[in-house]
1. Accessible area, 1.4 Å probe, largest first: how do Ile58, Ile265 sort?
2. Would you work out which of Gly191, Ser173, Ala215 lies farthest towards the positive end of the dipole of the range 150-219? Charges go on Cβ: Lys and Arg +1, Asp and Glu -1.
3. Hey, how much of the P(r) for the range 190-256 falls beyond 15 Å, as a percent of Cα pairs?
4. Counting pairwise Cα distances across the range 144-256, what percent come out greater than 20 angstrom?
5. Rank these by accessible area, largest first, 1.4 Å probe: Met1, Met208, Met196.
Amino acid sequence: MWGTDSVLRRPLTRSLASPAIVLYEHLILSVIAVPVLVSSWRELREMRARDWLAVLGIAWGGSALATVLFTEAISRGNVNTAVLLQKVQPLFTFLLAGPLLGEHSSRRNWGYLALGAVGAWLVSFGDRGLLPPLSQVEISAALFALGASALWGSSTVLGRFLSPRVSFLTITSLRFVVALPLLFVITRFRGVDVPMLDLAQFWRVAAMALVPGMAALLLYYRGLQSTTAPVAAIAELAFPATAVVLNWTFLAQRPTLLQVVGFAIIWAVVWRIQHGQAVEGAIAEAPR
């Protein structure tokens, strides 16, 4: 579902500023989220101060700021590059999962992560060779994508931190509603024009909000309930394959042989990590 995001988002950047796109996206999602939060008031009442701090980190960092940065990256550079560069977020997840969650990854997983990064590089830049020259615009777009990656990686850890005490449906709803005040501040102080959407823009924003936004996150937080944060972050490396296939279909951006090799590496890494986790769990639960 996340792979559909760039196909829906890129056309909007031609007529709307990035903060305006993200604001409208969150307004649509909040219409759905508010009734969920009203029905979950008992759960909200039991949340502790540090839980609310985690919600702020997820909503302001992982939802508001990260999505604005990602949209800006898409508007400035190559869509595939913007999508795939942000998959370095497992690096940030690995750094934070230990101190915050006590989930220390093995050296073997760090090796798999490095191999996955190689696959992501090939998928991102394989259409131009192994070490292509980058223009100033491409560099700035990459920095925006990397900034979004850092915030999304942090959000992965914070979501895992909340999941034992707060339902994934409540976390997802809070993510959208709590992000709204910051988005209003960004558009106000940056002087961003927020025009009324025409019908075509509205349906595109709505589709973007409901499919790669709401539905994908519901599945994501459900998965975090039974998956460690580092493994979840590595599993997210699977979605670039979807994104590139859709970009090929709808944007006529055909992958090259090097990009196909990158697909194979990423899928192999995801399978090996998941398989290794299952084996380790079976050994730990075996009778002695």
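1. Per-residue accessible area, sorted high to low, gives Ile265, Ile58.
2. So the residue we want is Ser173.
3. Here the long-distance tail beyond 15 Å is 71 percent of all Cα pairs in the range 190-256.
4. 57
5. Most to least solvent-accessible, the answer reads Met196, Met1, Met208.
The values are calculated or read from the model by the stated rules, or taken from the named source; none is laboratory data. Note that the coordinates shown come from a computational prediction; the quantities given were computed from them, not determined experimentally. All Cβ positions, glycine included, derive from the backbone under ideal geometry; neighbour counts span all protein chains shown. The accessibility values were calculated without ligands, DNA or RNA, using every heavy atom of the protein model including side chains. Shrake-Rupley method; radii C 1.70, N 1.55, O 1.52, S 1.80 Å.
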